[in-house]
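Colleague: Encoded as structure tokens, here's the structure I'll be asking about.
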Amino acid sequence: MRPMTRWAMTGALLSTAVAGPLSVPAHSAPAAPASLYAPSALVMTTGHGEKAATTTPERAVTVNCAYTTSGTHPDPRQACADLDRVNGDLDRLATLRGNDAGQPCTREYRPIVVTVQGVWRGTRINYEHTFANPCIKETQGAAAFAF
């Protein structure tokens, strides 16, 4: 082997031996959090039927509640306030208002199902609730379900 080639190889190996342990591989470094707030992003749907599995969604909206409120919901700020008030317990959210509007509802059975999927404060949510008819959904359901 020529001396120049040997020196080049020795220099390369020495550089790798010295500098190699000083560099940290990218995959071992802990990832910095993208935000100080846990993610809260939900997709809500409604459709006429008894079960979400057999119902075609007729309307879908999004709600993002981490740090600032946004989404395609008609009132994302109120929807996030409702979710905060019940600490993400969607069973309590379905009967949050009660019939405080004094609006009488017919006793017809025309079921409407509301689904909520996504993440609330870092916890995965897959929720479904069926109201007897759209009037009951509007009077008993929280503002989060008014879309």
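Read-outs: derived from the displayed coordinates by stated rules, not from any lab. Computed from a predicted model, the values in this text were never measured in an experiment. Positions of Cβ are generated from backbone atoms using ideal geometry, with glycine treated the same way; all protein chains shown enter the neighbour counts.
Colleague: Can you work out the FRET efficiency for the pair GLU50 and GLN103, with r the C-beta to C-beta distance and R0 = 22 Å, to the nearest 0.05?
Modeller: Calculated transfer efficiency: 0.40.
Colleague: Hey, what does the equivalent ellipsoid look like for the range 64-147, semi-axes from the Cα gyration tensor as sqrt of 5 times each eigenvalue, largest first, whole Å?
Modeller: 23, 14, 11
Colleague: Something else now. Can you pull out the trypsin sites (Lys or Arg not before Pro) in the range 46-138 whose DSSP state is coil and whose Cβ has at most 15 other Cβ atoms within 10 Å?
Modeller: LYS51, ARG107, ARG121
Colleague: Just to confirm a number: summing +1 for Lys and Arg and -1 for Asp and Glu over residues other than ASN133 whose beta-carbon lies under 9 angstrom from that of ASN133, what do you get?
Modeller: Counting the neighbours of ASN133, the net charge comes to +2.
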